[in-house]
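Step one of this worksheet: look at the structure below.
The values are calculated or read from the model by the stated rules, or taken from the named source; none is laboratory data. All of these numbers come straight from a predicted model, not from anything done at the bench. A quick note on method: Cβ atoms are made from the backbone with ideal geometry, for glycine too, and the neighbour counts reach across all protein chains shown. With ligands, DNA and RNA removed, areas are computed over all heavy atoms of the protein, side chains included. Shrake-Rupley method; radii C 1.70, N 1.55, O 1.52, S 1.80 Å.
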Amino acid sequence: MSTLSIVVLTLIFIPLISSFAFMPYLTRETVSFGISISEEIYRSEPVRRMRKNYALVSLLLYGLLYLSCVFALFRSGHQDRLEESIWLPVFIFLLIALSSGLFLHFHVKMKQLKRTLPATAEAKSILAIDTKYRQNKLAVSYHWFWLHAALIAGSVVYMLANYDRIPGQIALKYDFQGNIVESAAKSYGTVFSLNAAQIMMLLLFLFINWSIQHSKQQTYAGDPERSIRQSSIFRHRWSVFSLLSSFMTIGLFSFLQLNMIEPMHTNVMMSVSLAIPLFVVLFAIILSFLTGQGGSRIRRPAKGSSVQPVDDDHLWKLGVFYYNPSDPSVFVEKRSGIGWTINHAHPAAWTIVGVILIIVIVSILISI
Amino acid sequence: MIIHLDMQSEVPIYTQLEHQIVEGIAGGKLKPGELLPSVRQLASDVGINLHTVNKVYTRLKQEGYILVHRQRGVVVNPEGMPSATSEFLEKQAAELRPIIAEAILRGMSRQELTEIMERIYTEIALPTKEES
């Protein structure tokens with residue numbers, strides 16, 4: 001029965017589709033489809049129309065994709081389980097491919113549009129930097145993460161104390177119907193591997209908090225004070241988000257560990273395991289819509305500034321990938337999208353991505 | 001303080017940075033003892049090489065305008081600024097010479113030149129530092 005997978009699909013796809021379709025409305029007002037422009041131009045009629053077209057075409061395409069996916073899942077639900085589990089990844093892949101293609105198309109159109117605008121040709125490229133930027137509260141205190149550490153330590157202690165109560169066979173993998181797909185014999189490894197994962201997550205989120213604090217300042221010369229205020233709130237909100245979502249995710253792992261001692265009803269376990277990640281994703285999407293990239297949706301001014309932001313279009317390949325060998329920054333705020341991305345010319349950035357990839361690949365290989 | 005840099009100017013970035021910081025201290029926007037971003041942080045925010053920022057900070061440190069602590073970071077000199085020593089006056093005269101020469105060449109009068117100086121001085125200087 002594939003009802004659960006359709007529910008999961010809907011709960012993920014609908015907000016995801018809308019965040020893709022409405023992304024141009026969420027970016028900074030100095031960026032349109034990966035091209036830097038003044039706020040005035042962002043709010044002008046031709047650029048508004050482009051955003052609207054993008055949203056409409058996106059919704060149409062993704063809507064069709066979603067319906068095909070639902071149809072395929074209904075069909076396969078009566079057939080073999082393997083087919084069912086393939087459709088979700090296939091449609092996520094198609095979604096990403098479609099959105100990339102669509103974005104690139106509009107990116108090229110926007111580039112052409114910018115060339116026809118008279119104002120941008122003579123505009124000076126002014127960069128504004130606030131020397132006091134990092135004295136604002138950009139990220140939550142690291143001390144909050146002691147709570148996470150306490151939760152992990154508590155889980156370890158509890159599991160050690162109750163180790164004998166754990167049955168000889170532990171379930172490792174479930175499918176969407178709630179049946180056990182894979183189990184293993186109880187050992188210190190299988191029991192405490194979850195804690196190892198928790199510790200890795202804690203380290204990851206500490207690092208995320210650090211990079212929110214230290215990532216490159218991107219202040220708009222047209223209205224520096226407002227830009228800094230928006231940016232500070234933006235960073236702080238995402239810091240709070242990562243604090244809370246990391247706590248919930250670590251909590252989920254502890255919950256799953258508890259499940260080893262006294263396996264609870266599969267429905268309860270499945271619901272919690274699905275609810276928590278779902279909630280985190282929804283929370284992120286809602287936060288994106290309320291805040292905008294760089295805080296662009298926080299207390300918008302009535303009129304957009306006509307000052308051209310610093311022209312670094314040539315540093316943003318395809319409007320998405322930041323490549324600047326002279327820039328010592330490792331993390332910069334995304335130009336098209338919400339959050340941060342790496343400076344692809346920085347070796348440390350590649351190392352970080354590489355390490356994460358290795359961890360992911362090793363985890364997949366281990367579980368095969 | 002907000003630093004403004006013209007990324008496409010003929011004037012190199014490190015010169016602009018230096019001038020902006022000096023002007024900031026002169027005009028009171030940067031107060032004695034105030035924290036400045038570290039070399040790494042400033043280089044990252046502007047998007048330029050560490051060495052460029054290092055060059056700026058080293059020059060400002062040599063003049064005695066800022067202090068660079070390993071642990072505590074970079075601060076505007078809390079003891080106040082060095083006065084106009086004879087060395088400084090010589091250097092300043094040498095820097096002003098080509099500006100004045102070109103002004104004369106272009107037919108500017110003594111008064112026009114003085115007016116410009118007055119205007120800029122007023123724009124930058126702290127009210128308390130005004131000579132009577």
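All of A:Ile208, A:Ile228, A:Ile199 fail the test of being closer than 17 Å to A:Gly295 by Cα and of a type in the set (Val, Ile, Thr), apart from A:Ile228.
In this structure, is A:Phe207 at pLDDT 90 or above, under 21 Å from A:His148 (Cα atoms), open to solvent by 50 Å² or more (accessible area, probe 1.4 Å) and more than 14 Å from chain B (Cβ to nearest Cβ)? Yes.
Per the conditions (1) under 29 Å from A:Ile352 (Cβ atoms); (2) modelled with pLDDT under 90; (3) open to solvent by less than 50 Å² (accessible area, probe 1.4 Å), the sole criterion not satisfied by A:Ser193 is (3).
Listed conditions (1) more than 28 Å from A:Phe241 (Cα to Cα); (2) within 12 Å of chain B (Cβ to nearest Cβ); (3) part of a helix (DSSP H, G or I) are all met by A:His107, apart from (2). Looking across the stretch A:244-260, the residues that are open to solvent by less than 20 Å² (accessible area, probe 1.4 Å) and more than 30 Å from A:Gly168 (Cβ to Cβ) come down to A:Ser245, A:Ser246.
Pick out the one residue from A:Leu82, A:Leu56, A:Leu60 that is farther than 30 Å from A:Ser305 by Cα, more than 18 Å from the chain's Cα centre (by Cα), at pLDDT 90 or above and in a helix (DSSP H, G or I).
Checking each option against the conditions leaves just A:Leu60.
For the stretch A:304-347, the set of residues classified as touching a residue at least 12 places away in the same chain (Cβ under 8 Å), open to solvent by 30 Å² or more (accessible area, probe 1.4 Å) and over 23 Å from the mean Cα position of the chain (by Cα) consists of A:Ser306, A:Val307, A:Val310, A:Asp311, A:Asp312, A:Asp313, A:Pro325, listed by residue number.
For the stretch A:168-187, the condition holds for no residue, the condition being that it is hydroxyl-bearing (Ser, Thr, Tyr) and in a helix (DSSP H, G or I).
Residues are listed down the side, and each one gets a yes or a no for (1) in contact with a strand residue (DSSP E or B) (Cβ under 8 Å, 6 or more places away or on another chain); (2) under 25 Å from A:Ser246 (Cα atoms); (3) polar (S, T, N, Q):
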| residue | (1), (2), (3) |
| --- | --- |
| A:Pro167 | no, no, no |
| A:Asp175 | yes, yes, no |
| A:Ser187 | no, no, yes |
| A:Leu202 | no, yes, no |
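Of all residues assigned to the stretch A:322-337, at least one qualifies as being over 26 Å from A:Phe13 (Cβ atoms), in contact with a His (Cβ under 7 Å, 6 or more places away or on another chain) and not β-branched (Val, Ile, Thr).
Residues that are open to solvent by 60 Å² or more (accessible area, probe 1.4 Å), closer than 15 Å to B:Gly80 by Cα and touching a residue at least 24 places away in the same chain (Cβ under 8 Å) are absent from the stretch B:41-56. Being closer than 20 Å to A:Phe289 by Cβ, assigned to a helix (DSSP H, G or I) and either within 14 Å of chain B (Cβ to nearest Cβ) or not aliphatic (A, V, I, L, M) (or both) is a description that applies to A:Trp238. All told, A:Ile276 falls short of being open to solvent by less than 70 Å² (accessible area, probe 1.4 Å), out of contact with any His (no Cβ under 6 Å at 6 or more places or on another chain), assigned to a loop (DSSP other than H, G, I, E, B) and away from every other protein chain (no Cβ under 14 Å).
Restricting attention to the stretch B:107-127, the residues that are of a type in the set (A, V, I, L, M) and not in a helix (DSSP H, G or I) total 3. In contact (Cβ under 8 Å) with a residue 40 or more places away in the chain and β-branched (Val, Ile, Thr): is that true of A:Ile276 in this structure? So A:Ile276 fails the test. Scanning the stretch A:121-162 for residues that are touching a helix residue (DSSP H, G or I) at 6+ places or on another chain (Cβ under 7 Å) and either without any contact (Cβ under 8 Å) to a residue 40 or more places away in the chain or open to solvent by 90 Å² or more (accessible area, probe 1.4 Å) (or both), we see that the one that is nearest to B:Ile13 (Cα to Cα) is A:Lys137. The criterion of at least 2 residues that are among the basic types (Lys, Arg) and more than 8 Å from chain A (Cβ to nearest Cβ) is met by the following helices (runs of 4 or more DSSP H) wholly inside the stretch B:1-73: B:50-63.
For A:Leu16, are the conditions met, namely being open to solvent by less than 40 Å² (accessible area, probe 1.4 Å) and modelled with pLDDT under 95? Considered against the rule, which asks whether it is open to solvent by less than 40 Å² (accessible area, probe 1.4 Å) and modelled with pLDDT under 95, A:Leu16 comes out as no. Apart from one condition, B:Gly80 fits all of (1) modelled with pLDDT under 95; (2) outside any loop (DSSP other than H, G, I, E, B); (3) open to solvent by less than 50 Å² (accessible area, probe 1.4 Å); the exception is (2).
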